[in-house]
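These notes concern the structure reproduced below.
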Amino acid sequence: AIYFKFLVEYNEFVNLTAITEEEDVYIKHFYDSILLSKIIDLNSVSNLCDVGAGAGFPSIPLKILYPKLNVTIVDGLDKRIKFLSLLTEKLRIQGVDLVHGRAEEYAKDHRESFDLVTARAVARFNILNELCIPLVKVGGYFISMKGKNAQEEIIEGNSLQLLNGKILKQEEYFLPREESKRVLILIEHFKECPKKYPRAFASIKKNPL
């Protein structure tokens with residue numbers, strides 16, 4: 001409730017989300033975020049990196065439910081990091097590291113550092129894989145949170161083979177009431193990622209794997 005109130009108030013001055021009606025925020029942001037706990041046991045996860053978290057989704061709702069989880073949020077927009085800094089103070093939660101920067105830059109010094117990496121509504125699947133898998137420990141997981149077009153994105157390119165990731169599980173869900181489709185894709189990072197990845201973002205965007 002504190003999260004919702006602060007998000008809506010802050011959003012009047014800084015555009016963070018187009019979704020501001022209370023029921024919509026609870027279903028499309030909060031509920032959608034915690035769906036992730038259905039595909040992995042978060043009690044077994046020590047540290048999570050959320051790439052492009054925006055207004056804190058999915059990592060902050062998950063942190064509220066799993067207080068022992070150490071969370072790192074990497075986002076390229078300073079206005080979002082400032083909001084999240086104020087939000088974590090207001091929620092009185094600790095163990096959240098906020099990083100203003102791009103994932104591919106952050107990966108230079110933090111390769112294979114996280115048990116779990118998440119990304120929600122950031123980019124297409126093959127681009128996301130290159131941004132996120134290099135951050136995952138060998139034996140760790142990346143969860144890509146997708147919508148109705150997930151299957152057509154998965155078959156694009158061969159990013160998983162190049163980055164040494166494999167899909168372990170896909171789960172489909174429908175949000176309550178409005179019934180939008182959500183697809184969670186659980187990817188294991190089974191072998192060290194080649195050092196040349198991730199490339200600079202201009203190259204990733206121009207020539208996706």
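The values are calculated or read from the model by the stated rules, or taken from the named source; none is laboratory data. Just so it is clear, the structure is predicted and the values come from calculations on it, not from any experiment. So basically every Cβ, Gly included, is an ideal-geometry build from the backbone, and we count neighbours across all protein chains shown. SASA here: full protein model, heavy atoms, side chains in, ligands and nucleic acids out. Shrake-Rupley method; radii C 1.70, N 1.55, O 1.52, S 1.80 Å.
Of note, G52 satisfies the criterion of being within 30 Å of P194 (Cβ to Cβ), at pLDDT below 95 and either of a type in the set (S, T, N, Q) or buried (at least 20 other Cβ atoms within 10 Å of the Cβ) (or both).
Taken together, L160, L98, L186 contain a single residue that is aliphatic (A, V, I, L, M) and touching a Phe, Trp or Tyr at 6+ places or on another chain (Cβ under 8 Å), which is L186. Just the residues that are open to solvent by less than 10 Å² (accessible area, probe 1.4 Å), closer than 26 Å to D97 by Cβ and either touching a Gly at 6+ places or on another chain (Cβ under 9 Å) or not β-branched (V, I, T) (or both), please, taken from the range 132-164. Within the range 132-164, C132, I133, P134, L135, V136, G140, F142, S144, L163 qualify. In the range 76-122, which residue that is among the basic types (K, R) and within 19 Å of H189 (Cβ to Cβ) is surrounded by the most Cβ atoms within 10 Å (Cβ to Cβ)? Result: R120. Taken over the range 181-200, the residue count meeting the criterion of being open to solvent by 50 Å² or more (accessible area, probe 1.4 Å) and more than 27 Å from H29 (Cα to Cα) is 7.
Residue pairs whose Cβ atoms lie under 7 Å apart, separated by 6 or more positions or on different chains, with the first residue in the range 191-209 and within 15 Å of A123 (Cα to Cα) and the second in a helix (DSSP H, G or I) and small (G, A, S), are L209/S159.
Tell me, which residue of the range 169-180 that is out of contact with any helix residue (DSSP H, G or I) (no Cβ under 9 Å at 6 or more places or on another chain) and closer than 21 Å to Y26 by Cβ is surrounded by the most Cβ atoms within 10 Å (Cβ to Cβ)? Once the filter is applied, the top-ranked residue is F174.
Restricting L77, L98, L48 to residues that are within 27 Å of L175 (Cβ to Cβ) and in contact with a strand residue (DSSP E or B) (Cβ under 6 Å, 6 or more places away or on another chain) narrows the list to L48. Scanning the range 1-24 for residues that are open to solvent by 90 Å² or more (accessible area, probe 1.4 Å) and either in a helix (DSSP H, G or I) or hydroxyl-bearing (S, T, Y) (or both) returns I2, K5, E22, E23. Filtered by the rule that a residue be of a type in the set (G, A, S) and within 20 Å of K148 (Cα to Cα), the range 29-51 gives S33, S37. The sole residue among I73, I40, I27, I60 that is open to solvent by less than 50 Å² (accessible area, probe 1.4 Å), assigned to a loop (DSSP other than H, G, I, E, B) and β-branched (V, I, T) is I40.
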